[in-house]
């Protein structure tokens, strides 16, 4: 197993201080988010009190399964790199990542920084930690592309296709294809000679070098990428099934693909749109898609709010608690 050179002396104190400030800022940000969106949290609580308990339990179980799926991807990548971490630790880390991603909405950057930092702190070589991160991003967009293609098939098969929907999916497919290609290109450039312009810019140079530290054999392993893509596709299916369970919890019947299409199209709107956390855009697109499948307007709104509660608000609680525990461990 490879070893990591740990910072010593003043450097160790600086790293510990940086970690403490980061986690503290995330916890304060979580409080701000909760205050700003308290009305949505109260609506979620009200819906839970009137919905069918069995379907609420199913929705909760499906969401827990998504975190198992995400942590399994990290575990598999690190296991292949021969620097494994306990699956239970990675499972807890996914909740902390969710908290960081939502509190500081930077396209997942804040959560990714938190995960890599945690792995390095726990003796995973930085190159392997970065490789696991890049592999997860590649698998995320590849699986999203497959899911989006199935949306097109489903809409066309059920005669619900429109030029607007087709255009949105195709635009997303361009983005979802470009990002994995860009990551692999950055990795190649990070390992080779950098352009003069990049070498002059210290932050860009450090980023290229960091990406280049990921072992080429690991990050370009097609079998590993394939397995991670399947795992991430299973996460999307569990999310879509959560939406369907939220519809059923309200006592409303809807086609089996209604929840899937609503979730995928709303998620695509979040990725393509500029709104932090997708607040507003996700809800609008989700309601529109559910209406397209015949779900009554009030039920579509309620199901979407329930879904957002399970996928966005509830996981913030364990995520915040885990970050607080992380901060205490740093103080010790």
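A few notes on this one:
- Label-point separation, residue 64 to residue 217 (7 Å along Cα→Cβ), nm: 3.9 nm
- The residue 149 and residue 298 beta-carbon pair, evaluated with R₀ = 22 Å, returns a calculated FRET efficiency of approximately 0.10.
- In plain terms, the chain from residue 188 to residue 271 could stretch by 27.3 nm, reckoned as 0.36 nm per residue minus the Cα-Cα distance.
- Label-point gap, in nm, between residue 163 and residue 52 - each point 7 angstrom along Cα→Cβ: 4.1 nm
- Highest-first arrangement of 301-310, 139-148, where packing means the average Cβ count within 10 Å: 301-310, 139-148
- Residue 174-residue 126 FRET efficiency (beta carbon distance; Förster radius 35 Å; 0.05 resolution): 0.65
- In this structure, residue 317 and residue 291 have a Cβ-Cβ separation that, at R0 = 25 Å, corresponds to a calculated FRET efficiency of about 0.20.
- Sorted ascending by nearby beta carbons within 10 Å, beginning with the fewest, 68, 99 become 68, 99.
- Full-stretch length increase - residue 181, residue 284 - with 0.36 nm per residue and alpha-carbon distance subtracted: 34.0 nm
- Ranking of 267, 49 by count of other Cβ atoms within 10 Å, fewest first: 49, 267
- When you count the other C-beta atoms within 10 angstrom of each residue and take the mean per peptide, 237-250, 82-95 line up highest first as 237-250, 82-95.
Quick note: the coordinates plus some simple rules give every number you see, no bench work behind them. Every value quoted in this text rests on a predicted model; they were computed, and no experiment measured them. Glycine gets a Cβ as well: all are built from the backbone with ideal geometry, and neighbour counts include every protein chain shown.
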